[in-house]
1. Across segment 27-43, what is the total count of residues that are assigned to a helix (DSSP H, G or I) and modelled with pLDDT of 95 or more?
2. Take residues that are surrounded by 13 or more Cβ atoms within 10 Å (Cβ to Cβ) and modelled with pLDDT of 95 or more and tell me which of the helices (runs of 4 or more DSSP H) falling wholly in segment 48-125 contain 2 or more.
3. Scanning segment 83-101 for residues that are among the small types (Gly, Ala, Ser) and farther than 16 Å from Leu137 by Cα, which turns out nearest to the chain's Cα centre (by Cα)?
4. How about segment 13-28: which of its residues are under 12 Å from the mean Cα position of the chain (by Cα), under 21 Å from Ala132 (Cβ atoms) and not hydroxyl-bearing (Ser, Thr, Tyr)?
5. Is it true that Ala24 is modelled with pLDDT of 95 or more and outside any loop (DSSP other than H, G, I, E, B)?
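The values are calculated or read from the model by the stated rules, or taken from the named source; none is laboratory data. Nothing here was measured: the structure is a model prediction, and the numbers come from that model. Here the Cβ is made from the backbone with ideal geometry for all residues, glycine too, and neighbour counts use every protein chain on show.
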Amino acid sequence: MPYQNILVAVDLGVTTDTVADRAAQLAQQNRAQLHVLHVIEPLAITYGGDIPMDFSAIQDEIHSQAKEQLNKLCDALSVPSANRHLATGRPETEIPTQARSGNCDLIIVGSHARWGLALLLGSTTDGVMHSADCDVLAVKVDTDG
């Protein structure tokens with residue numbers, strides 16, 4: 001049975017187009033709805049809660065820029081507004097949550113080769129794979145040759 005609702009999670013970095021294009025191809029081949037998600041990690045998580053600063057203005061600016069970049073990507077892919085998702089939290093939690101709420105049967109994420117500490121600690125892709133209720137496709141996006 002073909003996929004009906006595909007969620008692609010993007011980091012809005014240099015490899016986003018590769019992952020998003022692959023997701024758009026699969027959505028077209030399966031005649032599926034394409035959902036696009038970007039997760040913003042709260043600065044308190046990213047930089048630790050020990051710093052006695054108010055990050056709200058910076059967080060608002062990050063959110064605003066992410067929304068603009070997400071809309072630009074989704075416009076290029078003809079993704080309807082209802083299928084554009086911006087969440088704040090931990091990607092390995094928010095991606096499966098969004099997939100469940102959107103009744104998605106496939107999650108697509110980018111996957112980088114891991115070295116050193118990242119290999120020991122795992123990755124967002126691993127976290128998504130372990131907590132997802134549906135298939136997960138990891139698109140290899142390493143840019144070094």
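1. Qualifying residue count, segment 27-43: 4.
2. Ranges flagged: 56-77, 91-101.
3. My answer is Ala87.
4. Correct list: Val19, Ala20, Ala23.
5. Taking the combined requirement at face value, the residue satisfies it.
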